[in-house]
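J.: Here it is: the structure, laid out below.
The values are calculated or read from the model by the stated rules, or taken from the named source; none is laboratory data. Remember, it's a predicted structure, so these values are computed and weren't measured experimentally. Methodologically, a virtual Cβ is constructed for each residue, glycine included, from the backbone with ideal geometry; neighbour enumeration extends over all protein chains shown. Each accessible area value is taken on the protein alone, full model and side chains, heavy atoms only, with ligands, DNA and RNA left out. Shrake-Rupley method; radii C 1.70, N 1.55, O 1.52, S 1.80 Å.
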Amino acid sequence: MSRSKPQTRPAKPEPELRTLASLAPGTSGRVVRITRDLTGRAERLAALGISAGAAIRVLQTFPGIVFECDQTELAVERAVARAIMVQVADNSSAWEVT
Amino acid sequence: MPCPHAIPDLKATPLLRLRAHPLRIALIGNPNVGKSVVFGRLTGRYATVSNYPGTTVTITKGRAMVGAEMCDVIDTPGVNALEGVLSEDERITREMLVDGGAEMVVQIADARNLRRALLLTSQLADFKRPMILVLNMLDEARARGVDIDSEALAECLGIPVIEAVATEGRGMSELRAALPVAAIPRAARDAGIDHLHWADGTAARFRTIGTVTLGRFQEWLGRAVRQPLTGLPILALVLYVTYLFVGVLGAQTLVGALENVVFGGYINPAATALTAHIPIAVARDFLTGQYGLITMGLTYSIAIVLPVVTTFFLVFGFFEDSGYIPRLAIFADRLFRSMGLNGKAVLPMVLGLGCDTMATMTTRILGTPKERLIAITLIALGVPCSAQLATIMGILGGISVWALLTLFAVVLMQMVIVGFLAARALPGDRSDFILELPPIRMPRLRNLLTKTGLRVKWYLGEAVPLFLIGTALLFLMDRLGALAWLTSAARPIVTGALGLPSDAAQVFVMGFLRRDYGAAGLFTMAHDGSLTGLQAVVALTVMTLFVPCVANLLMIIKERGLRVGVAILTFVTIVAISTGTVLNTILRVLHVTF
């Protein structure tokens, strides 16, 4: 057993998860999980193809959030977008939206 | 193209078999994948085809010859899931699978969305019915760089997989040929994993995504209509073009030609001359008198309403097929949420402009009972149907644009107020706003003409008889003195509160039979010069808000029960009359004459 193996500390900080609602147009990434705070919401989204692993790209954020997932454009309200946790792709042209 | 021989482990079942009843084949699939197009191709029957999810809300049946066997084909409303939390549509489809109404399933899939389609395939597999998978809209998928190895997919699933472009009829003969070898698919349950993972994995294995060759203009347009900076001017343009086509060409030019030239110049004088030979005065009046079947019933329905309905259905069908209407939901979502609905409710509301009765049925696409109740009430209250809308444009367009805008502003305000209060007063919740936007497409002329033709036929079959019955009823009431009694009984409201000529009372009676019939009555009053501009605005506002027509009321009762129906009727009448009274008072105090 060697103590040198840095098991407790990851070599690279884990890329942070963002909610879909916080992403700017043009950002792409992968869905990591859907927050299950409302009954049936995750199932509804899954039936439309939005589930862990799905690649998405934000198209528009105002007046509603529109994003692309698997060749389909979907419009959702902010509350729904907040439940979709996304891992932003590295090469994505993301910038902060306040 | 794959063919049935791509599935080696399947034994062809004999085509001819003795059955107690024809084999029932259900077309099932996600919303807006073209089930109704395939249905039309298989059966030769037309089921309404549009480019938005939720066009089909009921089950349509037709017959198709497959080989030498006659089959029942069932078109179903689109479903995204068959387990978990289900919408009303999804429950209808699920029940059909459970109780054996469907013995074989043809799943129609949008080839662009293999993953979602397979998620449904996997759930369908649990019902243990022989299946076929149709990858429809393959041309559009290819344009987006999606390529599917359908032969390998067929092998993996153990069922026939057909590549198709149903609107062009491609893949339909292959589909017919594959029906005898339909099989129960191998899916998630056989792999021992959940539907989602299975669909993910399977889609990834058989699909490659390459370069997109989609038309630049289409892409630009799809973006432009949903962004506020370009979308709102486009909406204004859409409304203006609709107004030009329906309000000017339909309600003014065509109505003018039909009413004044064809009916005024030929038919009515000829009919009057002919009936002059009838010795019985009552019979003469019944045909060509003030409330004559020809001079009133036919003139109203054919000369005033028909041109307007036809032009409207044409424009409306165009926008339906283009994929534009669901994009309005993005703009409407915020407002609708304050009314206890969500953006999705834009669909039934806008469809109400075509026909409120149909729209009442389309509220099935909404998620919760509360949303459906609010939407049905608002449609009954404020959404004018095509015929009514056009008579409104025809009358007020002739007075001034301000008159038209006043009416729309008042009606919209009422809808928002009622919606806002209903959202707070009624128990229950609204559902999440999650809406799939269909691709922007150039509408197909053939579908547009077929659809418009069928709608016009429906109008002629449904509305014209009601116009005639209504006219006969008015004639009878007039003869029996009931009309005079009603007119004087309603005088305090009609003349007093609303400031209208007392004759307007009978127009409201007509309006209950069909709103457009009442509006047509106002149209002739306005033409006779017996309505001032102010009176026209007040009368039309009340008529718009007034009770839904008989057909719509019956539909409300059918969908939501008698109690709800009567409650909505009472409520809407009260709102209509009080709004008219307030509007009349304000306009008179401000000395607005239009």
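J.: When you have a sec, figure out the Kirkwood radius of segment B:239-299 from all distinct Cα pair distances and drop it here in Å to one decimal?
T.: Hydrodynamic radius (Kirkwood, Cα only) of segment B:239-299 equals 12.8 Å.
J.: Just reorder B:GLU559, B:GLU320 by solvent-accessible area, largest first, 1.4 Å probe, all chains present.
T.: B:GLU559, B:GLU320
J.: Can you give the accessible area of B:TYR46, probe radius 1.4 Å, in Å² rounded to 10?
T.: 70
J.: Starting from a Cα-only point model with no solvent, please compute log10 I(q)/I(0) by Debye for chain B at q = 0.08, 0.11, 0.13 1/Å.
T.: Ignoring solvent entirely, the Cα scatterers give -0.63, -1.05, -1.31.
J.: Please report the base-10 log of the normalised intensity I(q)/I(0) for segment B:515-582, using a Debye sum with one equal scatterer per alpha carbon and no solvent, at each q in 0.16, 0.24 (1/Å).
T.: Each listed q maps to, in turn, -0.60, -0.99.
J.: For chain B, calculate the relative contact order in percent as a whole number, restricting contacts to Cα pairs under 8 Å that are 6 or more residues apart.
T.: The value is 12 percent.
J.: Once the Cα gyration tensor of segment B:4-209 is diagonalised, what are the square roots of 5 times its eigenvalues, in whole Å and ordered largest first, as equivalent ellipsoid semi-axes?
T.: Working from the Cα gyration tensor, I get semi-axes of 22, 20, 18 Å.
J.: Tell me, what % of the accessible area of the protein assembly as shown is carbon and sulfur with a 1.4 angstrom probe?
T.: 64
J.: Another question about this same structure. Once you wrap a convex hull around the alpha carbon atoms of segment A:17-88, what is its projected area averaged over all directions, in nm²?
T.: Average of the hull's projected areas for segment A:17-88 equals 3.9 nm².
J.: When the helix-only estimate is applied to chain B (DSSP H runs of n ≥ 4, each -39,500 (n - 2.57), divided by the residue count), what is the mean residue ellipticity at 222 nm, nearest 500 deg cm²/dmol?
T.: Per the formula, -17000 deg cm²/dmol.
J.: In addition: Give, as a single signed number, the net charge of other residues whose beta carbon lies under 11 Å from the beta carbon of B:ARG63, with Lys and Arg counted +1 and Asp and Glu -1.
T.: So the environment of B:ARG63 carries a net charge of +1.
J.: While we're looking at this one, here's another question. Summarise the partner chain shielding of B:67-73 as one whole number: the mean count of Cβ atoms from other chains within 10 Å of each residue's Cβ.
T.: 0
J.: In what sequence, largest accessible area first, do B:LYS457, B:LYS35 appear using a 1.4 Å probe?
T.: B:LYS457, B:LYS35
J.: Follow-up. Which peptide among B:160-170, B:63-73, B:20-30 comes first, and what is the full order, when sorted by highest mean count of other Cβ atoms within 10 Å?
T.: Highest-to-lowest ranking by the protection proxy: B:160-170, B:20-30, B:63-73.
J.: Would you tell me the mean number of C-beta atoms belonging to other protein chains that fall within 10 Å of each C-beta in B:78-89, as a whole number?
T.: 3
J.: Okay, next question. Can you give the accessible area of A:SER28, probe radius 1.4 Å, in Å² rounded to 10?
T.: 30
J.: Could I ask something else about it? At a threshold of 8 angstrom on Cα-Cα distance, excluding pairs fewer than six apart, so keeping six or more, what relative contact order does segment B:478-593 reach in percent?
T.: Reported as a whole number, the value is 25 percent.
J.: Would you list A:ARG44, B:ARG115 from the most to the least accessible area, probe 1.4 Å?
T.: A:ARG44, B:ARG115
J.: Then there's this: What does the accessible area of A:ARG30 come to, in Å² to the nearest 10, when a probe of 1.4 Å is used?
T.: 130
J.: Any chance you could get the radius of gyration and Dmax over the Cα atoms of segment B:424-522, in Å?
T.: Reported Rg and Dmax, both Å: 21.3, 58.
J.: Then there's this: Round to the nearest 0.05 the FRET efficiency obtained for A:ARG78 and B:MET442 when R0 = 30 Å and r is the Cβ-Cβ distance.
T.: After rounding, the FRET efficiency stands at 0.35.
J.: OK, next. Inside 10 Å of the C-beta atoms of B:425-431, what's the mean count of C-beta atoms belonging to other chains?
T.: 1
J.: How many percent of all Cα-Cα pairs in the protein assembly as shown sit more than 51 Å apart?
T.: 20
J.: Which percent of Cα pairs goes in each bin when the distances of segment B:26-117 are cut into 10 angstrom slices starting at zero?
T.: With a bin width of 10 Å, the distribution comes to 17, 52, 28, 3, 0.
J.: For B:ALA257 and B:HIS591, compute 0.36 nm times the residue count separating them, minus their Cα-Cα distance, and round to one decimal in nm.
T.: My answer for the length gained is 116.7 nm.
J.: Taking every DSSP beta bridge that has both residues in the protein assembly as shown, what percent is antiparallel when rounded to the nearest 5?
T.: If we restrict to bridges inside the protein assembly as shown, about 65 percent are antiparallel.
J.: Give B:LYS344/B:LYS558; B:LYS35/B:LYS558; B:LYS35/B:LYS61 a once-over and call out the pairs whose C-alpha atoms are over 19 Å from each other.
T.: B:LYS344/B:LYS558; B:LYS35/B:LYS558
J.: Please give, to one decimal in nm, the separation of the simple spin-label points placed at B:LEU426 and B:ALA224, each 7 Å out from Cα toward the Cβ.
T.: Distance between label points: 3.8 nm.
J.: Each label point is 7 Å from the Cα along the Cα-to-Cβ direction; what then is the distance between the points at B:LEU454 and B:LEU554, in nm?
T.: Here the answer is 2.1 nm between the modelled labels.
J.: Take B:LEU473 and B:ALA281, extend 7 Å from each Cα along the Cα→Cβ direction, and tell me the distance between the two endpoints in nm.
T.: Result: 2.7 nm between the two label points.
J.: Have a look at B:VAL38, B:ILE330, B:VAL146 and report the one farthest towards the positive end of the charge dipole of chain B, computed about the Cα centre with Cβ charges (Lys/Arg +1, Asp/Glu -1).
T.: Going by the charge dipole, the pick is B:ILE330.
J.: Relative to the present Cα-Cα distance, how much length would full extension add between B:ALA191 and B:ASP147 at 0.36 nm per residue of separation?
T.: Net length gain for the segment: 13.4 nm.
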